[in-house]
1. Among the residues of the stretch 287-299, are any among the charged types (D, E, K, R) and surrounded by 16 or more Cβ atoms within 10 Å (Cβ to Cβ)?
2. Quick check on my filter: what residues within the stretch 257-289 are on the phi < 0 side of the Ramachandran plot and touching a His at 6+ places or on another chain (Cβ under 9 Å)?
3. Could you grab me the full set of residues in the stretch 226-255 that are more than 33 Å from the chain's Cα centre (by Cα) and among the hydrophobic types (A, V, I, L, M, F, W, C)?
4. Return the residues of the stretch 256-289 that are in a helix (DSSP H, G or I), under 37 Å from the mean Cα position of the chain (by Cα) and over 18 Å from residue 213 (Cβ atoms); say none if nothing qualifies.
5. With the requirement that a residue be surrounded by 11 or more Cβ atoms within 10 Å (Cβ to Cβ), in a loop (DSSP other than H, G, I, E, B) and touching a residue at least 12 places away in the same chain (Cβ under 8 Å), what does the stretch 126-140 give you?
6. Got a sec? Which of 272, 247, 285 is under 23 Å from residue 307 (Cα atoms) and without any contact (Cβ under 8 Å) to a residue 40 or more places away in the chain?
7. Scan the stretch 186-228 residue by residue and report those that are farther than 17 Å from residue 305 by Cα, out of contact with any Lys or Arg (no Cβ under 8 Å at 6 or more places or on another chain) and charged (D, E, K, R).
Amino acid sequence: MLPLSYPLRFLLVAIAGWIHQQQRDVIEYLQEENRVLREQVGPRRLRFTDHQRVRLAAKAKTLGRRTLTDLKTIVTPDTLLAWHRALIARKYDGHLRRGPGRPRVTAEIRQWVVRMATENPSWGYTRIQGALANVAHVVSRGTIATILKQHGLDPAPERLKGTTWRAFLRAQWSVLAAADFFTVEVWTGGRLTRFAVLFVMDLATRRVEIAGIVREPDGAWVVQCGRQITDPMEGILAGKHYLLHDRDPLFTDAFRETLAAADVEPVRLPPRSPNLNAYAERFVRTIKESCLDRLVLVGEDSLRRAIRQFMTHYHHERNHQGRGNLLLFPNANEHRSGMPITCRPRLGGMLRYYHREAA
């Protein structure tokens, strides 16, 4: 091969230097462009597709780690290595071929765990586990603990200390009753007269008995009502041991002595605590909103008739949400399928009951 002449060698060196300078200018421009792009993006994380990652990795392989670091690229060498490790991990990830782990506890079992813990505050995890085993449900103590925690229920000692008034009442349903007054304004002799109504509720069945209606109640009248409701044969307190009532002055010592003589212990509730006698308070709201507040009552007879009609409707024709949205004391001869549906109105149609006629 003939040696290059000096003029030609000089020309080649000049061309090579020009090309090298142009490449440096391009590299510097791209570097500055990357800096601007990084400033625009800020702390946000860029999202790349798998195809873009492959393209960047292929180009980066020929440059090497030092060159990539000097270039201040958007994707660092550590990021490229992380992509590589993730690709290897994905290759050997067999979770799609693995079967499910321990089966999830059924909704029925979860409901029973919560119900048992709620109805039995003294039961711990092992006691609940045994009760479930009695009905062929095998559940670990840890699973029971997790279910109770998810439903905000504490372990047995704390749960027992936090027994609510509602839970206490339900535990004593069969021996509890509640008494209260409400008043009604009635037109008599051209003016409004206030009548007092005393009622007693059997908390277990929600049966209500109107103990008395009077214009000017006094202690002697309340005592007489007490004798009536404690009658061993027909009184609503027969078989009851406790009567809840507020601190109304009409509930006198003589009234409480009358109850005690019939083995019924009066329970005076704290002042300004209507929620402790919530079922009686709710009955007052019900009879007023559904009946008495919607009538203009003229004379005591109209008041007694309205209350009598409502009590029949309340016991036999009104669905109670607190009792499973069912009738308290349904008529066994009604609800026959196939019979025509009819409406039974009371108080001029203000109260209505839809049912099937008896055969």
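1. Checked the stretch 287-299: no residue is among the charged types (D, E, K, R) and surrounded by 16 or more Cβ atoms within 10 Å (Cβ to Cβ).
2. Here is the first cut: in the stretch 257-289, the residues on the phi < 0 side of the Ramachandran plot are 257-262, 264-271, 273-289.
264, 265, 266, 267, 268, 269, 277, 280, listed by residue number.
3. 229, 233, 236, 237, 238, 250, 251, 254, 255
4. Result: 274, 275, 276, 277, 278, 279, 281, 282, 285, 289.
5. 137, 139
6. Only one candidate passes the filter, namely 285.
7. Correct list: 191, 207, 216, 218, 227.
Yes/no matrix, rows are residues, columns are (1) within 20 Å of residue 287 (Cβ to Cβ); (2) modelled with pLDDT under 95:
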residue	(1), (2)
206	yes, yes
210	yes, no
216	no, yes
223	no, no
231	no, yes
234	no, yes
239	no, yes
242	no, yes
246	yes, yes
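The values are calculated or read from the model by the stated rules, or taken from the named source; none is laboratory data. Small disclaimer: the values here were computed from a predicted structure and weren't measured. Glycine gets a Cβ as well: all are built from the backbone with ideal geometry, and neighbour counts include every protein chain shown.
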